[in-house]
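Notes for the one structure printed next.
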Amino acid sequence: MARVTLDRVNKIYGYGPSAVHAVEDLSLEIEDGEFAAILGPSGCGKTSTLRMIVGLEEITSGTVAFDGEPMNARAPEQRNVAMAFESYALYPNFNVAQNLAFPLEVKGVDASERQRRVERIAGLLQIGELMGRRPRELSGGQQQRVSLGRALIREPAVFILDEVLSHLDAHLKFQMLFELKRIHQELERTMVYVTHDQMEALALADRVAVMSNARLQQFGDRDALYDRPANRFVADFIGEPPTNFLDATVVHDGGAPLLHVLGSDLRFAVDGERAAAIEAAQLDRVTLGIRPQNLTWNTDGDTAVVGATVDFNEYLGEHTILTLRDGGALFRAIVPPNVDAGEGARVELHYRTRNVMVFHPETDEFLG
Amino acid sequence: MDTNAKRIVVWLILIGFGIWVLFTLFPLYFMIITALKPVEEINRMVPTFWPETFRPDNFRGIFADPGSLKSLIDSVIVASANTALSLFLGTLAGYALARYLTGVVGENLAFFILSNRMFPPVAILIPMFFLFDATPWGTDSYWSLIILYLVFNMPLATWLMMVFFRDTPRELEEAAYLDGYTPLRAFFKVTLPLVFPGMVSVAMLCWIFAWNEYLFANLLTGTTVKTFPVHIPSFAAGSQTLWNFVMAFSLVAMLPPVILFIALRRYMVRGLSLGVVKG
Ligand SMILES: Nc1ncnc2c1ncn2[C@@H]1O[C@H](COP(=O)(O)OP(=O)(O)OP(=O)(O)O)[C@@H](O)[C@H]1O
Ligand SMILES: [Mg+2]
């Protein structure tokens, strides 16, 4: 078991003009026994980060420590970590059972115990019938589960899982998420889970580290990411459909500031906290963000209202997504499936003023 | 194309292949019948294409000279020892180039090593003679040929093994490190089995080169050590060339590589396609 600390870690591949700065000044503290996820678009440095944690990649600068003890100089085999690779890395000469048993064999676990653990993990991951097959005789999703099983079969200080569910169908993915969560609760070991699927990250992890362009954007739990995103990128990346962003000018209509969306008649009110933040920043232009979930059809009274024209109505069974327009401004809202809002209809939507997020128009930082 | 035209094309291709097969197999056929003829029949102005008198005894006759068997044994010793050494050095060097020298330096070094194989061997004939003459064991020894052939075989072995190692995913070794293997153990237990078919092909190529080499063997050795290509001219004693003995002996000398090739062809095919098809 271990608390994993990254302190201003950098990774630069290559030299000179062709150098790639893959991880930039990354500081992260993952608690002992925590389930942490690293979330970010392709190429943002997730795998590079993992490889530095386990010791497969040299750390250009900074420190990786387990329980406060620096690991930079330790070889991978001395770090007591288990990793599932994005590329599976199954041994082609071994069958599934041998692949699963390999880490135990190296550690000198005796044959009957090996057998027991292999069967248990195969049961959990639903690969019991595949035991005698070679990796090349398996589908992508099957290989992926064997690779995950090989990582989960030991009980190391830290589990590192790199996109381990990306090739599974939605149904199987859901079951595997559940199993992973259960294994984590059972073993109470630190897990670092990398994905570019926010649903997986939010479903599994206690806290999610959102990365973009080699930098950590925010490390926080679900509520923090939803309600207090560090910047526009996080607000955009977390949540489905993505947050609506609208450029707005700040107008002072007697007392509280209003956000007047450019090129339209839309006006959003903000609550006191946000108003104060805008005042403090002395801005007359801001980027306004509001999640489609927070623009509602019905109201319980404590809300403000905006009106717009329906541009497009997507009926999705459990709900309907409305694409709305007012002047040049486009935004989306999630409404109940049965609402009567045909294309071209004029509708009113409700929102809570505290759900209006305000970002700095140039730095994209979250103001409040 | 209509079916008629197709059929004509197929026939033309078959005829082409037929001619090609004739060209390659006819010399072999002529070797075999010559090996079975008596000398008088060979020396006739109009050659016979089927022996009038069969003389299978020729195959016993060649071994009347004790030098014949010894030359084959010498060839086996030189070829096998050189192959073992080439493979050992080439595998280690190829691995180092594939995994640790991946930059510009590695590329150039690998190309330099391969380029050793590209210049005409005659260019180094005389220097090599003086070099080996200066060694304690002299030119006429097993060691001189075993080491000399490394000049040709090691670059080939290094280059091919490097290509094979590049095609084996590094992550397999990395997974083994994380499970507690040291780099050395991961190399032997995880990576080497994957390139084994490739190693067999490389061994085969090295062995055949060393088995057939004549130029250097003829110049450097000939008394203490005498490989079979150097031994063949001894059947041309005096004014008379015993072509039947030459052919019989050549046929015997062809057997070891042919047998090896047939025995190992399963690995050869897989090994030679290693670099082409990944997976
Ligand atoms: N060995 C390497 N040499 C040079 N550049 C590399 C190397 N490995 C990764 N990179 C670069 O570093 C950056 C980060 O790569 P990384 O593999 O960490 O991304 P990732 O977040 O895991 O992406 P994905 O979601 O696609 O797996 C990329 O721009 C990539 O091209
Ligand atoms: Mg990755």
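The values are calculated or read from the model by the stated rules, or taken from the named source; none is laboratory data. Model, not experiment: these values are computed from the prediction. All Cβ positions, glycine included, derive from the backbone under ideal geometry; neighbour counts span all protein chains shown. Side chains included, ligands, DNA and RNA excluded: accessible areas come from the protein's heavy atoms. Shrake-Rupley method; radii C 1.70, N 1.55, O 1.52, S 1.80 Å.
On alpha carbon coordinates alone, what is the Rg over Rh value for the stretch B:142-262, Rh being the Kirkwood radius? Can you show the working numbers first?
Working: Rg = 20.7 Å, Rh = 17.5 Å.
Reported Rg/Rh, Kirkwood definition of Rh: 1.18.
Quick test of the membrane-span-like rule: which DSSP H helices of chain B reach at least 24 Å along their long axis (C-alpha atoms) with mean Kyte hydropathy at least 0.0? Could the numbers behind the result be given before it?
On the way: long enough: B:3-35 (47 Å, 1.69); B:66-99 (49 Å, 0.96); B:150-167 (25 Å, 1.17); B:192-212 (29 Å, 1.63); B:243-274 (42 Å, 1.37).
Those that clear 24 Å and a mean of 0.0 are B:3-35, B:66-99, B:150-167, B:192-212, B:243-274.
Let a ≥ b ≥ c be the square roots of the eigenvalues of the Cα gyration tensor of the stretch A:205-358; is it rounded (a/c under 1.5), or, if not, prolate (a/b larger than b/c) or oblate? Please list the in-between numbers first.
Details: a/c = 1.79, a/b = 1.14, b/c = 1.57.
It comes out oblate by the Cα gyration axes.
Is the shape of chain B rounded, prolate or oblate, going by the alpha carbon gyration tensor and its root eigenvalues a ≥ b ≥ c, with a/c under 1.5 for rounded and a/b larger than b/c for prolate? Walk me through the intermediate numbers first.
Values: a/c = 2.41, a/b = 1.37, b/c = 1.76.
Verdict is oblate for chain B.
If I take the Cα coordinates of the stretch A:4-236 and project them onto the principal axes, what are the three extents in Å, biggest first?
On the principal axes, the stretch A:4-236 reaches 49, 38, 34 Å in Cα extent.
Arrange the peptides A:59-72, B:257-270 so that the one whose residues have, on average, the most other Cβ atoms within 10 Å appears first.
Working: A:59-72: 15.4, B:257-270: 13.5.
Highest to lowest by the protection proxy: A:59-72, B:257-270.
Roughly how many percent of the accessible protein surface of chain B is carbon and sulfur, given a 1.4 Å probe and a whole-percent answer? Let's see the in-between values first.
Working: 11330 of 15300 Å².
Answer for chain B is 74 percent, counting heavy atoms of protein chains only.
Say each of A:Glu119 and B:Ile19 gets a label point 7 Å from the Cα, pointing the same way as Cα to Cβ; how far apart are those two points in nm?
6.9 nm
Please name the residues of the stretch B:152-175 whose accessible area, counted over protein heavy atoms with a 1.4 angstrom probe, falls by no less than 40 Å² between the chain alone and the full protein assembly.
B:Glu171, B:Leu172, B:Glu174, B:Ala175
What value does the stretch B:23-74 have for Rg/Rh, both radii from Cα atoms and Rh as Kirkwood defines it? Don't skip to the end; give the middle numbers.
Values: Rg = 13.1 Å, Rh = 12.4 Å.
For the stretch B:23-74, the value is 1.06.
Quick one: what Rg and Dmax do you get for the stretch A:222-300 from the alpha carbons, in Å?
Cα radius of gyration and Dmax of the stretch A:222-300 are 13.2, 36 Å respectively.
Quote the accessible area belonging to A:Asp300 in square angstrom, nearest 10, computed with a 1.4 Å probe and with ligands, DNA and RNA left uncounted.
Approximately 110 Å² for this residue.
Counting only protein heavy atoms and rolling a 1.4 Å probe, how much accessible area do B and A lose on contact, total for both sides, in Å² to 100?
Working: alone 16120 and 17090 Å², together 31630 Å².
Roughly 1600 Å² of accessible surface disappears when B and A pair.
Return the Cα extents of the protein assembly as shown along principal axes one, two and three, sorted largest first, each rounded to a whole Å.
In descending order, the Cα extents are 125, 72, 53 Å.
From the helices alone, meaning DSSP H stretches of at least four residues, give me the mean residue ellipticity at 222 nm for the protein assembly as shown, per-run term -39500 (n - 2.57), in deg cm²/dmol to the nearest 500.
Working: 23 runs with 291 residues, N = 647.
After summing the helix terms and dividing by residue count, I get -14000 deg cm²/dmol.
Rank-order B:70-83, B:29-42, A:335-348 by packing density, defined as the average count of other C-beta atoms within 10 Å over each peptide's residues, highest first. If you can, show how the numbers build up before the last one.
Numbers: B:70-83: 19.9, B:29-42: 16.6, A:335-348: 12.3.
Result, highest mean first: B:70-83, B:29-42, A:335-348.
If I take R0 = 35 Å and measure r between the Cβ atoms of A:Phe178 and A:Asp311 in this structure, what FRET efficiency does the formula 1/(1 + (r/R0)^6) give, to the nearest 0.05?
Working: r = 39 Å, r/R0 = 1.11.
Rounded to the nearest 0.05, the efficiency is 0.35.
Averaged across the residues of A:53-66, what count of C-beta atoms belonging to other chains lies within 10 Å of each residue's C-beta? Let's see the in-between values first.
Numbers: counts 0, 3, 3, 7, 1, 0, 0, 0, 0, 0, 0, 0, 0, 0.
Neighbouring Cβ atoms belonging to other protein chains average 1 per residue here.
So, with a 1.4 angstrom probe, what is the percent of accessible area on chain A that is carbon and sulfur? Write out the running numbers ahead of the final one.
Working: 7520 of 16330 Å².
C and S fraction of accessible area: 46 percent.
How much area per residue is accessible in the stretch A:242-359 when the probe is 1.4 Å and only protein heavy atoms are counted (Å²)? Mind dumping the intermediate values first?
Values: 5610 Å² over 118 residues.
Solvent-accessible surface per residue comes out at 48 Å².
Under 5 Å between amide H atoms, partner at least 5 residues away or on a different chain: which partners does A:Asn72 have, H built in plane at 1.01 Å?
Answer set, sorted by chain and number: A:Val64.
Is there a simple number for the mean count of other chain Cβ atoms within 10 Å of the Cβ of residues in B:183-196, and what is it?
Numbers: counts 3, 0, 2, 1, 0, 0, 4, 6, 0, 0, 4, 3, 0, 1.
Averaged over the peptide's residues, the number is 2.
Please list B:244-250, A:143-149 highest first by mean number of surrounding beta-carbon atoms within 10 Å per residue.
Details: B:244-250: 23.1, A:143-149: 25.0.
Ranking the peptides B:244-250, A:143-149 by packing returns A:143-149, B:244-250.
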